[in-house]
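K.L.:
This is the structure, below, for whatever I ask next.
The values are calculated or read from the model by the stated rules, or taken from the named source; none is laboratory data. Bear in mind the structure is a predicted one, so any value in this text is a computation, not a measurement. Using ideal geometry, Cβ is built from the backbone for each residue, glycine included, and neighbour counts are taken over all protein chains shown. The area values use the complete protein model at the heavy-atom level, side chains included, leaving out ligands, DNA and RNA. Shrake-Rupley method; radii C 1.70, N 1.55, O 1.52, S 1.80 Å.
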Amino acid sequence: MHVIGLLLIIILIYLAIVHWYITVPLLLFLVYLGYIYIPQKPKKHPVRFHTLWWIFMLCVVTLICNRENIHDFYRMMNSETRTYQDREDPLVEHAIAQSDGMLTGIGTQASPSQDLYGGLTIGMSPFQVTWRLTLHPELDSDFTIDNVRLFPPNRHYFDNRLYGISFGISNDTCKISNARTVVRFLSKKYGEPHHCTSTDTLYQALWQFTDKHILVKCLPNEYTNTLYLFHPIPLLQKIEAVHQKELNEEAEEKQREAEIAAIIAERERLKEELQRQKELLNQKLQESL
């Protein structure tokens, strides 16, 4: 009989742990009942106590019921913080490769649209971006412009703030033709590009506004076709941060090399000192004969 009782207790404990989302509210409710019915001194502000307690219970139950959505949201946010922030940023690489300052220059007029894309604005935190994409998941889908496919956008961050987005452009036809199709579409809203470059190795069209830049880039010799919308000032700051990081890494590498050289020199000195002591000892032994 005792064994059966112990087995039932173990089963109840197991079920309580597995189904914690039922156990936790039930235990809290039992604590609430116990606090009410156990004899004790008269409570101060009983209405306030009951109101706060039920608000707390409602919050707990709401969090438990939405735990999967909350987990997915924070998983998306953690993934968002790593997007072109902790790894190489192709827009920064392209701006450094151009090295003419055109991408970081400021225009003379404001853009007809303040948003980057679908309510995503410059300066948003990864939390705000994730919340926006949760409310409007269609913003993370691909779409077409005159049969030219634009892949779901990537977000570019600097110092945990959104400064740009980019779309990969693809189709089965000529890559330059795809880029020009996108340029014609954007020209209807933003006017003709302020700068346009067309060579054997690069085709790009650039709109320069005071609040954002728009860049269509195509490398005919490579499988690369991209549309960028970004703010030039954070881009310049990120380029400077990348340059400073490279300088710091170079200084650290030189310091490590100097430390290694010092260790090697010290080992050589100790080896020479040991050899000298051996020679002195050998000489003393010879003299003692």
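K.L.:
Can you tell me the accessible area per residue over the stretch 235-287, all protein chains present, probe 1.4 angstrom, in square angstrom?
P.N.:
Ligands and nucleic acids excluded, the figure is 90 Å² per residue.
K.L.:
Once the piece of chain linking residue 61 and residue 286 is laid out straight, how much longer is it, given 0.36 nm per residue of separation minus the C-alpha distance between them?
P.N.:
Additional length available on full extension: 71.8 nm.
K.L.:
May I ask you to give the percent of accessible area on the stretch 129-181 that is carbon plus sulfur, with a probe radius of 1.4 Å?
P.N.:
Values: 1210 of 2650 Å².
With neighbouring chains kept in place, the figure for the stretch 129-181 is 46 percent.
K.L.:
Going by a ≥ b ≥ c, the root eigenvalues of the Cα gyration tensor, does the stretch 110-207 fall in the rounded group (a/c under 1.5), the prolate group (a/b larger than b/c) or the oblate group?
P.N.:
Prolate.
K.L.:
With a ≥ b ≥ c taken as the square roots of the eigenvalues of the C-alpha gyration tensor of the stretch 226-270, please select rounded if a/c is under 1.5 and otherwise prolate if a/b is larger than b/c or oblate if it is not?
P.N.:
prolate
K.L.:
Quick one: net charge around residue 272, please, counting Lys, Arg +1 and Asp, Glu -1 for every other residue with C-beta under 14 Å from its C-beta.
P.N.:
+1
K.L.:
Calculated FRET efficiency, residue 253 and residue 159, Cβ-Cβ r, R0 30 Å, to nearest 0.05? Show your work: numbers first, answer last.
P.N.:
Working: r = 25 Å, r/R0 = 0.84.
That pair, residue 253 with residue 159, gives E of 0.75.
K.L.:
To the nearest whole percent, what portion of all C-alpha pairs in the stretch 203-286 is separated by more than 19 angstrom?
P.N.:
70
K.L.:
By its C-alpha gyration tensor, with a ≥ b ≥ c as the square roots of the eigenvalues, how is the stretch 180-237 shaped: rounded for a/c under 1.5, else prolate for a/b larger than b/c, else oblate? The partial results should precede the final answer.
P.N.:
Details: a/c = 2.06, a/b = 1.29, b/c = 1.61.
Cα axes put the stretch 180-237 in the oblate bin.
K.L.:
If you don't mind, another one. Structure shown: which of 217/254; 189/238; 188/238; 175/245; 189/212; 188/217 lie over 26 Å apart, alpha-carbon to alpha-carbon?
P.N.:
Over 26 Å Cα-Cα: 217/254; 189/238; 188/238; 175/245.
K.L.:
Also, quick follow-up: Rounded to the nearest Å, what's the spacing between the alpha carbon centres of the stretch 148-183 and the stretch 94-116? Just the number, please.
P.N.:
Their Cα centres are 16 Å away from one another.
K.L.:
Probe radius 1.4 Å, ligands and nucleic acids left out: which of 35, 203, 84 has the largest accessible area, and how do the rest follow?
P.N.:
The ordering from most to least exposed comes out as 35, 84, 203.
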